[in-house]
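The values are calculated or read from the model by the stated rules, or taken from the named source; none is laboratory data. Computed from a predicted model, the values in this text were never measured in an experiment. Reconstructed Cβ throughout: ideal geometry from the backbone, glycine too, with neighbour counts over all protein chains shown.
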Amino acid sequence: MSNKNHTLKTIRNSAIIKNPILFEAIGLCPVVAIAFSLKLAIFLAVVTAVELIVCEVLASKFLKNVRRYWRVALYTVFGVAIIFPIMYGVDKLFPDISANFGVYLPLMTVNSLIALHCERVAVKNDVKTSFIDAVSSSLSYGAVAIITGFVRELLGNGTILGYDINIPIKLPAFLMPFGGLLLMGFFAAALKAFIGVKYPEANPNKAFDTSEIRRSLRDKFVELMKDDFNPYGDTAEEDNIKIYVPKSKEEKEKKVKPKKEKKSKRNRKSVNENTSSPETTVVTEETPVEQEGNRTYMDDFSDMLSDLQEYKNKNDGGGKK
Amino acid sequence: MNIFLNLLSAALYVMLFQNLIFNGGYGLSEAVRMSAKPRQLLPMAVFITLFSTVISALCVLIDLFPLIHNLNEIYHALIYVGILLVVYIIAMIIANIIPKVQPATKRRIGIAAFNTLVLAMPLINYRSAFNVVESIGAGLGAGLAYIIAVILINSGLKKLDTITTISKAFKGTPAIFIYTSLLSLAFTGISGTSVFI
């Protein structure tokens, strides 16, 4: 039962929530440039599916122990082994498709969809999981390519699979990369709205990471907050607010001298003990923050100050001698 | 002077007049994805320019051999992929020899080498019958086209990230696609292609 759930989750993630083209923006080049007719889109979907399934299965079976930067080259070798026989066959059997594909068919050997899915899924999982991921990813990729091809052919040429359907207005711009990208933007929005209704717990935004852009804005905000923020006011006791009042040099010297004998005591009283300012809350031994194990930042700071003063006095005395 | 002009015109052609990324879709995935990581722009742009220039030059030089020159396009493509693999292996050997090279840099080299923009360059050069100088110019122009694309998409992403009036469904990748499509339309206009007739 859990195995079935895992399979369903893999399919759901690969095909819908992390749709390779609509949310991860990978493998855009062939869809944008080539999927301008239904026939080419179907061919593209089939070739991509074959390449992705074979590459993922091979990567999962044989490349787990190969270093990452050599694996990337091996994906291209696998791509060559799959694409070039197809190229040769298509050139002989379907010369019109071969002519339309032009330079884009050999470019599929370096399709980013293959490398990304092999690296993300295949080399980290078993063959079965890789196969399921490859099938679901290639199906979703193919579906997007086919729908894009259908709409572009319909709007751009006024045809479906080459048959004229006499629509009154034709928009040739849809046959260009501009049209492909525009349609994919609307498809992505539609799929996102569907995910929002069907799987509200899923977040398709995670598939395309824009955190660096957001982080730069957030970092600026954090810096701004730090500049305006008083670190001395950040104490555990919200009700017992201790206000730090910088003292004059004479006051400091007055205070440090009698403390000389008590230096060894770690849990000493606050430096504010003798201050007469009415605004300053006097922290005494009775207050909870002054108890052992609850020393405040102010206490540590006053210790450091007294140590420094003592060290300075010592040095001054030694110099006079 | 003539050599320089040839180089410059080829670079301008693939960078501006026929921007390979917006007009051809080459390397579009890498450009869109990298635009979300602007700190990666400089190293990626350097590696992509390096690979596209070296591959362009080597492939044109190889094509000068009559035996290879007479082969059909499929075999040419096969040879170009082979050259790309060899150049990548050499680059990785150099990267492994230099002790200061970080694993992240090696990963970047992989992404820069095996993308459609780099492999498209020798194929476009072959179809356009570019000579060695023009091929080098086209290779350099491809790298610059990538930089232009990433900067333009990145500036759009920053703006889109701050706009709160975009509906939830369009926020994120859908908005990026639509914004990129408008950039593509603009570059189609620069190339002089008519989009309505």
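A compact table of results
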item: Residue that is farthest from A:Ile21 (Cα to Cα) [pool: residues in the range A:39-80 that are touching a residue at least 24 places away in the same chain (Cβ under 8 Å) and among the hydroxyl-bearing types (Ser, Thr, Tyr)]; result: A:Ser60
item: Within the range A:77-132, helices (runs of 4 or more DSSP H) holding 3 or more residues that are farther than 16 Å from B:Ala120 by Cβ and more than 10 Å from every other protein chain (Cβ to nearest Cβ); result: A:95-101, A:112-120
item: In the range A:150-173, the residues that are under 35 Å from the mean Cα position of the chain (by Cα) and modelled with pLDDT under 90; result: A:Ala173
item: A:Leu58 vs. criteria more than 14 Å from chain B (Cβ to nearest Cβ), modelled with pLDDT of 90 or more, touching a His at 6+ places or on another chain (Cβ under 7 Å) and assigned to a helix (DSSP H, G or I); result: no
item: So A:Asn19, is it in the same structural domain as A:Thr129 (by TED's automatic domain parsing), polar (S, T, N, Q) and buried (at least 21 other Cβ atoms within 10 Å of the Cβ); result: yes
item: Qualifying residue in the range A:92-104 (condition: under 27 Å from the mean Cα position of the chain (by Cα) and touching a residue at least 60 places away in the same chain (Cβ under 8 Å)); result: no
item: Failed criterion for A:Ala25 (all others in (1) at negative phi; (2) of a type outside the set (Phe, Trp, Tyr); (3) in a loop (DSSP other than H, G, I, E, B) hold); result: (1)
item: Qualifying residue in the range A:155-173 (condition: within 9 Å of another protein chain (Cβ to nearest Cβ) and either more than 30 Å from B:Ser191 (Cβ to Cβ) or assigned to a helix (DSSP H, G or I) (or both)); result: yes
item: Residue in the range A:62-70 that is in the same structural domain as A:Arg152 (by TED's automatic domain parsing) and under 30 Å from B:Ser181 (Cβ atoms) present; result: no
item: Lone unmet requirement of (1) over 11 Å from A:Val144 (Cα atoms); (2) in a helix (DSSP H, G or I); (3) under 24 Å from the mean Cα position of the chain (by Cα); (4) in contact (Cβ under 8 Å) with a residue 24 or more places away in the chain for A:Ala15; result: (1)
item: B:Phe130, sole failed condition from (1) more than 30 Å from A:Ala188 (Cβ to Cβ); (2) under 19 Å from the mean Cα position of the chain (by Cα); (3) modelled with pLDDT of 90 or more; result: (3)
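Yes/no per residue for (1) over 27 Å from B:Leu84 (Cβ atoms); (2) under 26 Å from the mean Cα position of the chain (by Cα); (3) not aromatic (Phe, Trp, Tyr):
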position: A:Thr10; (1), (2), (3): yes, yes, yes
position: A:Pro20; (1), (2), (3): no, yes, yes
position: A:Phe23; (1), (2), (3): yes, yes, no
position: A:Pro30; (1), (2), (3): no, yes, yes
position: A:Val46; (1), (2), (3): no, no, yes
position: A:Lys61; (1), (2), (3): no, no, yes
